[in-house]
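Shown next, in structure tokens, is the structure this report addresses.
The values are calculated or read from the model by the stated rules, or taken from the named source; none is laboratory data. Given the structure is predicted, the values throughout are model-derived calculations rather than measurements. Methodologically, a virtual Cβ is constructed for each residue, glycine included, from the backbone with ideal geometry; neighbour enumeration extends over all protein chains shown. Each accessible area value is taken on the protein alone, full model and side chains, heavy atoms only, with ligands, DNA and RNA left out. Shrake-Rupley method; radii C 1.70, N 1.55, O 1.52, S 1.80 Å.
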Amino acid sequence: MLSELWKAYDEPSLVFLTEKNNEQDLVDCMSHYQFGLEILKRVPGIYDLSQSYEADVIWIQSNVDIAPLLLAIEN
């Protein structure tokens, strides 16, 4: 189901939080700002996986160390 939703949007994005307590801050920021650097500055512990116009490229933005995530993906 997730793969079908991903294909349905022009620029899909998945956002993961390291702390559930930051969920409301994320919702509030997303209602005021387009996702990007401003939200990364305001809400701690975000991993954003998104696709732009390149169909075979996944972009990762984060405000935490992403090395553990990349290691998990490789394994």
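Summary table
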quantity	calculated
Distance in nm between pseudo-label sites at GLN24 and ARG42 (7 Å out along the Cβ direction from Cα)	1.6 nm
Inter-label distance for LEU71 and SER52, nm, one decimal - labels placed 7 Å from Cα along Cα-to-Cβ	2.9 nm
Exposure rank, largest accessible area first [ILE66, ILE46; 1.4 Å]	ILE66, ILE46
Solvent-accessible area per residue, Å², over the chain with all protein chains present [probe radius 1.4 Å]	78 Å²
Segment SER31-GLU11, extension gain: residue separation times 0.36 nm, minus the distance between their alpha carbons	5.4 nm
